[in-house]
Structures are given as C-alpha cells and as structure tokens.
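The values are calculated or read from the model by the stated rules, or taken from the named source; none is laboratory data. Just so it is clear, the structure is predicted and the values come from calculations on it, not from any experiment. With ideal geometry, Cβ positions are generated from the backbone for all residues, glycine too; neighbour counts draw on all protein chains shown. Each accessible area value is taken on the protein alone, full model and side chains, heavy atoms only, with ligands, DNA and RNA left out. Shrake-Rupley method; radii C 1.70, N 1.55, O 1.52, S 1.80 Å.
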Amino acid sequence: WGLGWSASDVRGRLEGDTDGLWCMADDLLAASPAAHQRLLVPIDQAEELFTRTIPEARRRFAHLLGEAIAGPVQVVAAMRSEFLDDFRDLPALAAVPIEAYVLAPLGQEMLRDVIEGPAKVARLRLENGLAAALVADTASGEALPLLAFSLRQLADGLPAGGELTIGRYRDLGGVHGALARHADAGLAQAVRASGLTEREVLAGLTRLVTIDAAGRRAQRRITLASLTPPLRVALQVFIERRLL
C-alpha cells in the first residue's frame, strides 16, 4: 500500500486530529489480506515542516513519526538538502536511524540525454551543434528548469519531423535569456491587465516566497482570498504564462 502526503497535508492533520494520521495507516494495513506487510508513507516537500509550521507542530509530527517507524510504517521524506540537518536535529528523532540519499545535479553527459532523448520521442531533429550549445549554456543540472523552458520554447509549434535550430535558440536568448524575456513580457502584461505599477506587481510576487533566519528561500502558499482583485489579475497572467 502507498499513501502520499505533502508537508502541507501533514501540517493540516497535525492541526486537527493527530491520532488520525496513523489510524489511517492501521486501516490500510488491515484492509489487505497479505500478512507481515509494511506501509510506505512518502512525504513530499518536507522542508515545509521548517518553513510553514510552528515549533509545536514540528515537535508533535516528529513524535508521531518516531512512533510510526517503530511499528509497521516506513517513511520516505523528500526535501531540499539544506534542510536535512534541521530534520536530523528534531529531538524526537534523535534515536531514529535516518538514511539520506542526496540527489546530485545532472552532469553534462546526462544533460545531453535530457535534450536528445525527449526530442527523439517527439520525432524532432536537432541542428548540428545545438545540443552542445544547450549543454554549455546550462552548465549544470541545477539550471535544469531553465533548460526545460528553453526546449519547450524551441519546440513550440514544430510538427513531427521538424528541426530545432541554433538560430531560433539564439533569437530566444539562450538558456538563461529565454525565461528572462518571457518573465519580462509577463510582467509588462500583468501591469497592463491589473492597473498596478511594476513595483506593486513585484511586491505581490514576493509574497509567494519565505526566507528563514539562515537566508534559505522556500515557497509560500497564499490563498486567493487574501489578495486584492488587481493583484489576482496580475498573478493570473503569470499562471497563464506558466511562470506560476
């Protein structure tokens, strides 16, 4: 059986019935005829335990986690690596063995596979030298979202059998310039659509980010009801442009 929650889901459960978290695990195990099984609980974006929860909620979560692992439950938590020490330092998990696997950024050879593999599946050809230029401009796997965006822009409107060209890539501004130009155009459109100033739109965007005492950035979710109507219009522009 698999049961997946995000850290936000866990936070919601901790603010409600804490026992319900593992009662659900018991129910799932009891529903299967197989014996001696374990329940795998994946928790995505676990860094939100430190960016979006109060200390008391973290303490209660760590306590529940320790009790669950002592039973038939195994937990896999995905988080940004800079928060791993915070996770290990939770007092209730001091005696719990935590195995960490750090997913390293993709190397240059893997970046080439990321470029050429999907193009082959989509039946698109790459002009000679384009893959090398994309790899060189991306530099490391940490810029993978920028590469993905550039490839999407390059392939936009091309039929099967079409060719991704170096000329179009340069026109887009390269790996880093493609997204910057798209974002600038989105900002200009958001200003026109909402009637807000550029500064007001950018201030609204900063509400989607939180920075902790150590300077680490993480996403912050906000409700639409907390936004003014003009700001909702502005952010909708970024959503439609797939920037949010």
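Here the scattering of the chain is modelled by Debye summation over its C-alpha atoms, one equal scatterer each and no solvent; at q = 0.07, 0.09, 0.13, 0.18 Å⁻¹ the log10 of I(q)/I(0) is -0.37, -0.60, -1.03, -1.23. Placing a label point 7 Å from the Cα of E142 along the Cα-to-Cβ direction, the residues of region 206-244 whose backbone N falls under 16 Å of that point are 215-218.
Here the Karplus relation 6.51 cos²θ - 1.76 cosθ + 1.60, evaluated at θ = phi - 60°, turns the backbone of region 186-199 into coupling constants of x, 5, 4, 5, 5, 5, 5, 6, 9, x, 7, 7, 4, 4 Hz, with x for every Gly and Pro.
Each residue of region 169-179 was assigned a 3J(HN,Hα) from its phi angle through the Karplus expression (A = 6.51, B = -1.76, C = 1.60, θ = phi - 60°), giving 4, 5, 4, 6, x, x, 4, 7, x, 4, 6 Hz with x at Gly and Pro.
Which cross-chain or sequence-distant (5 or more) residues have an amide H under 5 Å from the amide H of V75, H modelled 1.01 Å from N in plane? Residues meeting the criterion, in which the H sits 1.01 Å from N, are V41.
Potential lengthening of the chain between R181 and D156 amounts to 7.4 nm, from the contour at 0.36 nm per residue minus the alpha-carbon distance. Proximity of backbone amide H atoms, modeled 1.01 Å from N, is registered between E163 and R125 at under 5 Å, excluding neighbours fewer than 5 places apart on the same chain.
Springs between alpha-carbon atoms under 10 Å, Gaussian network over the chain: tell me which of T197, T223, T138 tops the mean-square fluctuations. Fluctuation is largest for T223. Label sites at L208 and L29, each approximated as a point 7 angstrom past Cα along Cα to Cβ, lie 4.1 nm apart.
The mean accessible area for residues of the chain, using a 1.4 Å probe and ignoring ligands and nucleic acids, is 59 Å² per residue.
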